[in-house]
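Presented below is the structure to which this report refers.
Only the coordinates and a few stated rules stand behind these numbers; no lab work does. What you see is a predicted model; the values in this text were computed from it and never measured. Glycine gets a Cβ as well: all are built from the backbone with ideal geometry, and neighbour counts include every protein chain shown.
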Amino acid sequence: MSNSRARVEETMYTVIGRFAPQAFAIFRIITGLLFFFHGAQKIFGVPPMEGMPAGFQMPPIAIVAGWIEIVCGALITIGLMTGLAAFIASGEMAFAYFMGHFGPAVQKGGMWSWHPISNKGEPAVLYCFIFLYVAAHGAGIWSADAAIRGKELQPATT
């Protein structure tokens, strides 16, 4: 690696990388809120689901998913029991992908039916791996977990 390229990379880390804890906190908060709103839409009907008639009854599995999304989304947003909440949310999204997108698409057939973009499962896959990362990383700064422990926890590094 050339000396000038190394200097540029070091400068970029100095400029942007020093805000990594704050960027992760914003990422966790926004992702948790979005997940919470998915659950609120299922349970409370706010905002109304596109294409769903008024008074539509959700199947029981969707109601369970909605409550998981509300509870885990709220916990992730405030950073309380973040690792556990994010792990549960990740599992729910993996389940959602395989039950709601992959399975039905494969039954219909087609060469690319397994692919998340083809079967409209891309958001579920993204949420699954985002929450898996949050579970592994921990809540970070600006979280109830950090306040309870009275200090910042450092994420695991290799």
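Shape class of the stretch 20-149 from the alpha-carbon gyration tensor: oblate, with a/c at 1.5 or above and b/c at least as large as a/b. Working from Cα pairs under 8 Å separated by at least six residues, relative contact order for the stretch 20-149 is 29 percent. Considering only 69, 50, 92, the mean-square fluctuation computed in a Gaussian network model of the chain, springs between alpha carbons under 10 angstrom, is largest for 50. Charge dipole (Cα centre; +1 on Lys/Arg Cβ, -1 on Asp/Glu Cβ; no other charges) of the stretch 1-117 amounts to roughly 200 debye.
The phi torsions of the stretch 45-61, fed into the Karplus equation with coefficients 6.51, -1.76 and 1.60 and a -60° offset, translate into couplings of x, 10, x, x, 6, 5, x, 9, x, 4, x, 4, 8, 6, x, x, 5 Hz, rounded to whole numbers, with Gly and Pro shown as x.
Distance from the Cα centroid of the stretch 65-104 to that of the stretch 115-151 is 9 Å (rounded to whole angstrom).
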